[in-house]
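*Asks:* Sending over a structure as structure tokens; questions will come in a sec.
The values are calculated or read from the model by the stated rules, or taken from the named source; none is laboratory data. In this text, all values refer to a predicted model and were calculated from it rather than measured experimentally. Positions of Cβ are backbone-derived with ideal geometry, glycine not excepted, and every protein chain shown enters the neighbour counts. Only protein heavy atoms, including side chains, enter the accessible area calculation; ligands, DNA and RNA are left aside. Shrake-Rupley method; radii C 1.70, N 1.55, O 1.52, S 1.80 Å.
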Amino acid sequence: MKDKLKRDICCVGHITLDKIITPDNVFYMNGGTAYYFAYGINHLPHQVSFKLVTAMADRDQRAVSDMRHAGIEVDCHESRHTVFFENKYGKNMNNRTQRVLAKSDPFTVSQLRDVEARIFHLGSLLDDDFSPELVKYLAGKGMVSIDVQGYLREVRGQHVYAVDWKDKLEVLQYTDILKLNEHEMEVVTGLHDPREVAQKIASWGVKEVVITLGSYGSLIYAKGQFYEIPAYAPLRTVDATGCGDTYSAGYLYCRAQGCGYEECGRFAAAMCTLKLEHSGPFDRTIDDIKTIIAQ
């Protein structure tokens with residue numbers, strides 16, 4: 001039966017199984033854009049209606065049960081496999097080797113046909129998660145927001161290779177909001193200056209370009225104007241995993257309420273600061289966010 005309720009935001013993406021290997025330990029955890037985005041937005045006041053569409057193997061759906069128990073609305077489609085990342089770290093945690101031990105099936109138009117939303121956020125993990133056909137279809141239903149990271153990862157065998165985005169010009173003409181970081185912007189455009197990058201991407205049809213620049217803050221380009229967003233220093237840096245997804249959650253949460261670009265960016269940046277201070281998804285409150293911004 002068709003779901004008649006139109007959400008403010010629908011995030012579409014795979015939840016991953018992550019195997020983390022360090023010199024001292026081996027442990028398993030869930031991850032992926034969908035995971036960090038959904039938990040992040042769920043910790044904010046429910047002024048914005050939200051739904052997650054994901055796909056996992058039936059045996060791995062404990063993560064989905066936990067999300068539903070936390071109050072997150074989830075449509076989970078069955079996949080032959082669940083995305084399974086293995087991340088191996090040396091003594092220097094900046095030295096990481098990554099393998100993909102299993103891939104989920106790509107998302108399809110039929111899976112999204114009965115989902116209505118004002119904003120669809122596509123959390124790509126691998127380059128074939130979302131076809132151009134699916135992006136075009138969703139653009140006919142609402143705004144499309146894309147996190148570029150997965151489009152730049154190709155799996156050959158079990159190994160992950162950095163690649164350019166082969167369908168970018170086709171996909172970006174249907175994209176309203178594009179988020180990318182300082183490394184991804186160079187791969188996508190070949191340019192090094194964030195302002196030049198933003199203008200180039202806008203010339204391809206994107207209405208809002210959001211570039212995160214780590215400790216240098218972030219840059220938003222919309223309607224021909226730049227907005228420079230500061231980074232807020234965390235009390236301590238514990239785990240950066242999921243920070244980009246947390247930024248997207250905060251940014252779109254505010255955009256869905258009609259907030260201005262600068263207000264959205266500051267809110268998102270403050271969420272990232274709080275996320276950096278612990279492992280796992282964002283778990284603080286809107287009052288904590290407001291305190292960071294006020295300081």
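*Asks:* Grab every C-alpha pair in segment 158-295, bin the distances at 10 angstrom width from 0 up to the longest one, and report whole percents.
*Replies:* Each 10 Å bin holds this share of Cα pairs: 12, 42, 33, 13, 1.
*Asks:* Another question about this same structure. How would Tyr216, Tyr35, Tyr28, Tyr247 rank on accessible area, largest to smallest, probe 1.4 Å?
*Replies:* Listed by decreasing accessible area, they come as Tyr216, Tyr28, Tyr35, Tyr247.
*Asks:* How large, in percent, is the carbon and sulfur part of the accessible surface of segment 69-170 at a probe radius of 1.4 Å?
*Replies:* 47 percent
*Asks:* How big is the gap, in Å, between the Cα center of segment 267-295 and the Cα center of segment 89-146?
*Replies:* 25 Å
*Asks:* Per residue, how much accessible surface does the chain expose to a 1.4 Å probe? Answer in Å², no decimals.
*Replies:* For the chain, the per-residue accessible area is 46 Å².
*Asks:* Suppose every K and R has +1 on its Cβ and every D and E has -1 on its Cβ; what is the size of the dipole of the chain about the Cα centre, in Debye to the nearest 20?
*Replies:* I would put it at about 200 debye.
*Asks:* Based on Cβ point charges of +1 for Lys and Arg and -1 for Asp and Glu, what charge dipole magnitude is obtained for segment 138-295 about its Cα centre, in debye rounded to the nearest 20?
*Replies:* Roughly 220 debye, rounded to the nearest 20.
*Asks:* Towards the positive end of the charge dipole of segment 93-171, with charges on Cβ (+1 Lys, Arg; -1 Asp, Glu), say which of Val155, Phe107, His121 has the farthest Cα.
*Replies:* The Cα lying farthest towards the positive end belongs to Val155.
*Asks:* Additional query: How long are the three semi-axes of the equivalent ellipsoid for the chain, computed from the Cα gyration tensor as the root of 5 times each eigenvalue, in whole Å, largest first?
*Replies:* So the equivalent ellipsoid measures 25, 23, 21 Å along its semi-axes.
*Asks:* Given H placed 1.01 Å from N in the peptide plane, which residues other than close sequence neighbours of Asp8 have an amide H under 5 Å from its amide H?
*Replies:* Under 5 Å from the amide H of Asp8: Ser49, Phe50, Arg118.
*Asks:* What is the sum of charges, Lys and Arg at +1 and Asp and Glu at -1, for the other residues whose Cβ falls under 15 Å from the Cβ of Lys88?
*Replies:* So the surrounding residues net to +1.
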